[in-house]
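Every read-out reported here was derived from the displayed coordinates using simple, explicitly stated rules and does not represent laboratory data. Since we're looking at a predicted model, the values are computed, not measured. Glycine gets a Cβ as well: all are built from the backbone with ideal geometry, and neighbour counts include every protein chain shown.
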Amino acid sequence: SAVISQKPSRDICQRGTSLTIQCQVDSQVTMMFWYRQQPGQSLTLIATANQGSEATYESGFVIDKFPISRPNLTFSTLTVSNMSPEDSSIYLCSVAGTDTQYFGPGTRLTVL
Amino acid sequence: SQQGEEDPQALSIQEGENATMNCSYKTSINNLQWYRQNSGRGLVHLILIRSNEREKHSGRLRVTLDTSKKSSSLLITASRAADTASYFCATDPGGSYIPTFGRGTSLIVHP
């Protein structure tokens, strides 16, 4: 299993600003994943972050809006740039286990 | 992409009753997983059932899988107020560790 922490747990931000979310894992992992969960909706994969290479973004998500860093095997950041109210969501990072995924507690973002 | 769809979207029951949630999916899978999410928090993995399995138990949880109907069910027996959460199914077509999630069933268990 893996224990994942995220910072911040929640934030309220103004339109046009950016927020960087941190994800820390208690063990070394190759791939880390970032998800978005809009209110009342399912989880949507934003991107897969591999250490030492560019993140791979899913359709509908772009690097300029959601830049990701992966400086080592236990840490990643997701930045939500130039935020609008439509970015209000829970953002979750996760790592792959054997046949499952382990999730962080999420970051609840509200954009005013 | 493939997606599981849970049914019902919302379920409200009394403590002690059983809760049944269903999941349907569209194409072949390697396995199907159920996750639980407490209000606004991260997801917790509950149980995995492989495509060659038909039923699996874990404590008060029972999961069934019918690959011919492309459906699965999650039964929580003798529910407790602490079971109040959203429950998601996630399908894995194989070859990756990136499951696709459904919209979830919101379960409320009244004490």
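With a 10 Å cut-off between alpha carbons and a GNM built on chain B, which of B:42, B:59, B:16 moves the most?
Among B:42, B:59, B:16, the largest GNM mean-square fluctuation belongs to B:59.
Out of every Cα pair in chain B, what percent are spaced more than 23 Å from each other?
Pairs farther apart than 23 Å: 21 percent.
Enumerate the lysines that residue B:69 could reach by cross-link, defined here as Cα to Cα under 20 Å, with residues fewer than 8 away along the same chain left out.
B:26, B:56
Among the lysines, which have Cα under 21 Å from the Cα of residue A:65 when same-chain residues fewer than 8 positions away are ignored?
Excluding near neighbours in sequence, the set is A:7.
Within segment A:1-107, report the chymotrypsin sites (Phe, Trp or Tyr not before Pro) that DSSP leaves as loop and that have at most 13 other Cβ atoms within 10 Å.
none
Dividing the Cα radius of gyration by the Kirkwood radius, what Rg/Rh value follows for chain A?
Dividing the radius of gyration by the Kirkwood radius yields 0.94.
At 4 °C and 1.567 mPa s, what whole-number value in µm²/s does Stokes-Einstein give for the translational diffusion of the protein assembly as shown, with Rh from the Kirkwood sum over Cα pairs?
For the chosen part, D equals 72 µm²/s.
So for the protein assembly as shown, taking the charge dipole from beta-carbon charges (+1 Lys/Arg, -1 Asp/Glu), which of B:34, A:48, B:78 sits furthest toward the positive end?
B:78
What list of ³J(HN,Hα) couplings, whole Hz, do you get for segment A:67-74 from phi and the Karplus terms 6.51, -1.76, 1.60, once you set θ to phi - 60° and write x for glycine and proline?
Here the 3J(HN,Hα) series is x, 10, 10, 8, x, 8, 7, 10 Hz.
At most 15 other C-beta atoms within 10 Å and a DSSP loop state: those are the exposed GluC sites (Glu not before Pro) I care about. Give me the longest piece of chain B that has none.
B:54-111
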